[in-house]
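Some notes on the structure that comes next.
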Amino acid sequence: ANMSLRPTLETRKAQPTMEGAGVHLHRAFGFQDPSELDPFLLFDDFRNDVPAHFEKGFPWHPHRGIETITYVLDGTVEHSDSLGNSGTLGAGSVQWMTAGSGILHQEMPHGNARGQMHGFQLWGNLPAAQKMTAPRYQDISGADIPVVTDDDGTVVKVITGDFWGVSGPVDGIAADPQYLDIAVPAGLKKTFRIDTYRRAFAYVFEGAGAFADASAPGGVLLEKEVAGQELNIRDLSGDRTLIRFGTGDEVTVQAGPEG
């Protein structure tokens, strides 16, 4: 069967915003058209190198009918909730919280030795039939997240879902998503298979990448041929850029000069 490249529907920069008790962050999407990335509701990039801009954290607040996925790259996040659960998420770890029928919780970020707090939070909607389920947590340490390295140096951390024959440690999620942290080496062109019927988005948070577009208009012809083919590729998308894809089986990215 012929594979079809997913078109790039939209490329947009994450917008600065403030949440909690004064946490400065960048919102890639959220509270706009809920259908565009359904079942995902929000994606926040809370990378920050100024402790005063994040240490007041996210004091007690309610969640209901959704799931929140927190992925910590650097620093730590202390969390506690109205059911008596508490813990600390360290660098590389993930917390998947199913709020279900309702929960009060708080999250207090702390910087690493250099004062940096880096991470992301994604919100997923629960289907109507599961909105009143019992709240549930999955805290996964970085050491338990499988890492797959391809022969060409591409590195994929599989947080949830199946990819390249590996299953992520987070399970039982209503949206059955695939959440991957992918690093592509400098200058490499890489194609990833994606289930045709899933909504897909990418978020660039380091280096830059050009995402091949099935429709040539607006594309920039790459100077070099790749495997004997010239590809129409859009401008490089850099740090804090969200890329939203249409339907198809594959996403192709050309990594920038720094990967």
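Each label was represented as a point 7 Å from its Cα along the Cα-to-Cβ direction; for T17 and E258 these points are 2.7 nm apart.
Solvent-accessible area of the range 1-117 (1.4 angstrom probe, protein heavy atoms only): carbon and sulfur portion equals 54 percent.
Take the convex hull of the alpha carbons in the range 51-142; its mean projected area over all directions comes to 5.5 nm². So what's the Cα pair-distance distribution over the range 138-210, bin width 10 Å, in %? In order of increasing distance, the bins hold 16, 50, 30, 3 percent.
Return the aspartates and glutamates within reach of K56: Cα separation strictly under 16 angstrom, same-chain partners fewer than 8 residues apart disregarded; answer none if there are no such residues. By straight Cα distance, K56 reaches E19, E78, E107. In terms of Cα atoms, the Rg and Dmax of the range 94-193 work out to 16.3, 47 Å. Rounded to the nearest 20 debye, the dipole magnitude of the chain is 460 debye, with +1 charges on Lys and Arg beta carbons, -1 on Asp and Glu beta carbons, and the Cα centre as origin. The Cα center of the range 163-189 and the Cα center of the range 1-70 differ in position by 18 Å. Cross-link pairs exceeding 27 Å in C-alpha to C-alpha distance, out of K157/K189; K13/K131; K13/K189, comprise K13/K131.
Size of the chain from its Cα atoms: along the principal axes, largest to smallest, the extents are 60, 44, 34 Å.
The values are calculated or read from the model by the stated rules, or taken from the named source; none is laboratory data. Just so it is clear, the structure is predicted and the values come from calculations on it, not from any experiment. We place every Cβ from the backbone using ideal geometry, glycine too, and count neighbours over all the protein chains shown. For the accessible areas, the whole protein counts, side chains as well, though only heavy atoms, and no ligand, DNA or RNA atoms are used. Shrake-Rupley method; radii C 1.70, N 1.55, O 1.52, S 1.80 Å.
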